[in-house]
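Asks: The structure follows.
The values are calculated or read from the model by the stated rules, or taken from the named source; none is laboratory data. Just so it is clear, the model here is predicted, and its values are computed rather than measured. Quick reminder, even Gly has a Cβ in these numbers, built from the backbone with ideal geometry, and neighbours come from all protein chains shown. To get the accessible areas, we keep the full protein, side chains included, count just its heavy atoms, and leave off ligands, DNA and RNA. Shrake-Rupley method; radii C 1.70, N 1.55, O 1.52, S 1.80 Å.
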Amino acid sequence: MTIASLSTYVPPRVLTNADLEKLVDTSNEWILQRTGIHERHIVDPGVTTSDLAKEAATEAISRAGLTPDDIGLIVVGTVTPDMLFPSTACLLQNKIGASRAWGFDLSAACSAFTYSLTTATQIVAAGGTDHALVVGADVMSSIIDYRDRTTCVLFGDGAGAVVVSAADSQSANVILDFEHEIDGSGSHALFMPAGGSARPASHETVDQRMHYVKQDGGTVFKFAVRKTEEVARRLLERNGLTPESLDLFVSHQANRRIIMSATEKLGVPQEKVIINIERFGNTTAATIPLALNDAMLSGRLKKGNLVLLASVGAGFTVGAVLLRWGI
Ligand code: UT7
């Protein structure tokens, strides 16, 4: 299997740290120092996750030299579907005109891209289809409480898409290995309390602001540092590789300090670590494709490079994918 193309999209509107200073009791210095974030993009009212996904997906299909009719499977990783049902994959399929595709949404929060990539890769490898569209897209601004300074400074909106294609020759086999975990004991460290079957929407849930992200930041921070390092180390060791042998380490972008700590513990040289959180914040399912895209544009990611993707997210969900970059 090979990643045949990559494309990303963020909405044009920028929300800076200075803008947030006007909304909550925070400062540019605190946000930059504690998270590394300078600005993030957020949608205008009415723009949905499938709208962002469409922009990224259409371009990814075209860059792969394909048409929407060539796509046999669509996996949309998201924690902000346009609605609970139908799936955003269905809405996207209709918007891009992928008339021969089936597909589904995958809920793994910040690990949605690594999970979706692994899932689609396995289906392509099993002969289920020749071309799968993998999208990570989130409109986090739709579930963020812009009165809560502990969460509203962290998140942004965005989308990224790749086409995973079956390749003829073994040499083009770029998805080398993967490793995933879930740990539901951490479910209350990062969650949205209402809107599901546990607490259906009511006047009370709205009054109590329960349709927004709630986070115990410290618990998530420690888990993310420990697990990013652990899952990456396990995957490297299993493949007889050292951290130094990697060309690029692409972590989910939740906090600059999480990425720095985890990669220092792992022993990846900092020049091989991509961090672009300063421009986008945490876009949940879209951070890894956005980071890959920046790495490509800046010449730090080239065809044949050995790349490790790693993510930790709400659930908890943990993921890592080892690949040889094929574009
Ligand atoms: O994608 C996966 C999901 N999310 C993550 O991975 C995020 C994981 N967690 C984090 O990134 C960090 O825990 C945060 C950035 C959320 C918080 O950073 P921290 O260094 O852990 O700060 P803290 O929560 O320990 O808070 C330190 C202080 C507190 O004040 P007191 O109690 O010491 O007086 C907070 O109230 O900073 C305060 N604080 C703020 N101050 C200014 C919290 N948020 C802000 C803010 N501006 N936006």
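Asks: Just one of the numbered conditions (1) assigned to a strand (DSSP E or B); (2) under 30 Å from residue 17 (Cβ atoms) is not true of residue 147; which one?
Replies: Among (1) assigned to a strand (DSSP E or B); (2) under 30 Å from residue 17 (Cβ atoms), residue 147 violates only (1).
Asks: Kindly indicate the residue of the stretch 268-301 that is small (Gly, Ala, Ser) and open to solvent by less than 30 Å² (accessible area, probe 1.4 Å) and also farthest from residue 217 (Cα to Cα) among those meeting that condition. Give the steps one after another, and end with the answer.
Replies: We begin by selecting, within the stretch 268-301, every residue small (Gly, Ala, Ser); these are 281, 285-286, 291, 295, 298-299.
Restricting the remaining residues to those that are open to solvent by less than 30 Å² (accessible area, probe 1.4 Å) gives 281, 285-286, 291, 295.
Values: 281: 15, 285: 18, 286: 20, 291: 23, 295: 28 Å.
The residue in question is 295.
Asks: Shifting gears a bit: Check whether at least one residue in the stretch 192-203 is closer than 21 Å to residue 257 by Cα and within 16 Å of the ligand (Cβ to nearest atom), and report yes or no.
Replies: There is no residue in the stretch 192-203 that is closer than 21 Å to residue 257 by Cα and within 16 Å of the ligand (Cβ to nearest atom).
Asks: Is one or more of the residues making up the stretch 252-260 in a helix (DSSP H, G or I) and either away from the ligand (no atom under 16 Å from the Cβ) or of a type in the set (Ser, Thr, Tyr) (or both)?
Replies: No, there is no match, as no residue in the stretch 252-260 is in a helix (DSSP H, G or I) and either away from the ligand (no atom under 16 Å from the Cβ) or of a type in the set (Ser, Thr, Tyr) (or both).
Asks: Moving on. Yes or no: residue 154 away from the ligand (no atom under 16 Å from the Cβ), outside the structural domain of residue 278 (by TED's automatic domain parsing) and of a type in the set (A, V, I, L, M, F, W, C)?
Replies: Answer is no for this residue.
Asks: Only one of these conditions is not met by residue 107: (1) within 16 Å of the ligand (Cβ to nearest atom); (2) crowded, with 24+ Cβ neighbours inside 10 Å. Which number is it?
Replies: With (1) within 16 Å of the ligand (Cβ to nearest atom); (2) crowded, with 24+ Cβ neighbours inside 10 Å applied to residue 107, the lone miss is (2).
Asks: Could you list, in sequence order, all residues of the stretch 233-251 that are within 16 Å of the ligand (Cβ to nearest atom) and either among the hydrophobic types (A, V, I, L, M, F, W, C) or open to solvent by 50 Å² or more (accessible area, probe 1.4 Å) (or both)?
Replies: Once the filter is applied, which keeps residues that are within 16 Å of the ligand (Cβ to nearest atom) and either among the hydrophobic types (A, V, I, L, M, F, W, C) or open to solvent by 50 Å² or more (accessible area, probe 1.4 Å) (or both), the stretch 233-251 yields only 250.
Asks: Oh, and also: Tell me, which residue of the stretch 1-41 that is within 16 Å of the ligand (Cβ to nearest atom), in a loop (DSSP other than H, G, I, E, B) and in contact (Cβ under 8 Å) with a residue 24 or more places away in the chain is most open to solvent (accessible area, probe 1.4 Å)?
Replies: Within the stretch 1-41, the match that is most open to solvent (accessible area, probe 1.4 Å) is 25.
Asks: Would you be able to say whether some residue in the stretch 126-141 is assigned to a helix (DSSP H, G or I) and crowded, with 20+ Cβ neighbours inside 10 Å?
Replies: Within the stretch 126-141, one or more residues are assigned to a helix (DSSP H, G or I) and crowded, with 20+ Cβ neighbours inside 10 Å.
Asks: Filter the stretch 273-304 down to the residues that are outside any helix (DSSP H, G or I), out of contact with any strand residue (DSSP E or B) (no Cβ under 7 Å at 6 or more places or on another chain) and away from the ligand (no atom under 16 Å from the Cβ) and list them by number. It would help to see each step written out before you state the result.
Replies: Step one: filter the stretch 273-304 for residues outside any helix (DSSP H, G or I), giving 273-276, 281-283, 298-304.
When the remaining residues are screened for being out of contact with any strand residue (DSSP E or B) (no Cβ under 7 Å at 6 or more places or on another chain), the result is 275-276, 298-299, 302-303.
Of everything in the stretch 273-304, those that are outside any helix (DSSP H, G or I), out of contact with any strand residue (DSSP E or B) (no Cβ under 7 Å at 6 or more places or on another chain) and away from the ligand (no atom under 16 Å from the Cβ) turn out to be 298, 299, 302, 303.
Asks: Please verify whether residue 87 is surrounded by fewer than 24 Cβ atoms within 10 Å (Cβ to Cβ), of a type in the set (Gly, Ala, Ser) and at pLDDT 95 or above, treating the condition exactly as stated.
Replies: So residue 87 fits the description; yes.
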